[in-house]
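Here the structure comes first, spelled out in structure tokens, and everything after it is commentary.
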Amino acid sequence: MMENSILNILPIVLLFDLLIPFLLAPSYKGYNHLMQVMSVLGNDKAPLHGIYNIWLIILGIVLILNNFLIYKIVSRHSTLLAILLFIAILIYAIGGCVLSGLFSVGETKSLVTITQKVHGYGSAIGFMVLALTPLLFSLYGFKTERTTFAVCSLICFILAIITFTLFVMADKPNLQNTIIAYEGLWQRLSLMFMYIPMACIYIVD
């Protein structure tokens, strides 16, 4: 019962991760949700940067705790998928959340200081491996004959790859003044598609 209670909060935590920038941004004059990534809210010039950085650490810890429960669920049917999911979520929890919270980014994407490099590389690696998790959840769904979950996860994987690719391309000079330059939008959408299968795993178990 305790395990189920912990896992049931995961959808709420993931949803809050997408919503918290909208709560903190009003205090940061000039912040643009469409153009700027979420982690900019953690830079030293942001009035509430401490809150956002603490949130990232909390998010990472929650993901790590839930990761063991997700492993337990998936390993009943596939040890390989369970291990791959565990590694991917763990890398994101540490690199994209905990380290990003401890080592804040600057106002831009420049990686000059050690802190910025740790944040930049940690979050980049974390995002890349997290992008694979919807595919792994889809394979789990097909293997366990949870067809709706499998198809939805596969669609999320495709959309996550598309939006993540747009996110990576957003800062290219020749793409400025186009919709592709909306870096903040693509980051949020890609995260949403990566989160959906993970948030729904407790429902299909």
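The values are calculated or read from the model by the stated rules, or taken from the named source; none is laboratory data. Please read these numbers as outputs of a predicted model, since none were measured by experiment. Cβ coordinates were reconstructed from backbone atoms using ideal geometry, including for glycine residues, and neighbour counts include every protein chain displayed. To get the accessible areas, we keep the full protein, side chains included, count just its heavy atoms, and leave off ligands, DNA and RNA. Shrake-Rupley method; radii C 1.70, N 1.55, O 1.52, S 1.80 Å.
Between Leu65 and Met35, the C-beta separation translates, for a Förster distance of 41 Å, into a calculated FRET efficiency of about 0.75.
Result for the chain in a Gaussian network model with C-alpha springs under 10 Å: among Asn67, Asn177, Asn32, the largest mean-square fluctuation is at Asn177. Labels on offer are (1) 36, 18, 13; (2) 29, 24, 17; (3) 29, 19, 15, and the one holding semi-axes √(5λ) of the Cα gyration tensor in Å computed from this structure is (3).
Quick one: putting +1 on the C-beta of Lys and Arg, -1 on the C-beta of Asp and Glu, what dipole do you get for the chain around its Cα centre, in Debye to the nearest 20? All intermediate terms of the calculation are to be shown ahead of the outcome.
On the way: 10 positive and 8 negative charges, 28 e Å.
The calculation lands at about 140 debye.
Were the residues from Leu102 through Ile162 laid out at 0.36 nm apart, the gain over their Cα-Cα distance would be 18.7 nm. In the chain, taking the dipole from charged Cβ atoms about the Cα centre, the farthest positive-side position among Ile12, Val168, Gly42 is held by Val168. Site pair Ser27 and His77 shows an inter-label distance of 4.3 nm when each label is modelled 7 Å from Cα along Cα→Cβ.
In whole percent, how big is the carbon plus sulfur part of the accessible area of region 112-151, probe 1.4 Å, protein atoms only?
70
Round to a whole angstrom and tell me the spacing of the C-alpha centers of region 47-95 and region 151-191. Between the Cα centre of region 47-95 and that of region 151-191, the gap is 22 Å. Note that the chain presents 49 Å² accessible area per residue, ligands and nucleic acids not counted, probe 1.4 Å.
With both labels modelled 7 Å from their Cα along Cα-to-Cβ, the Ile12 to Glu145 distance reads 3.4 nm.
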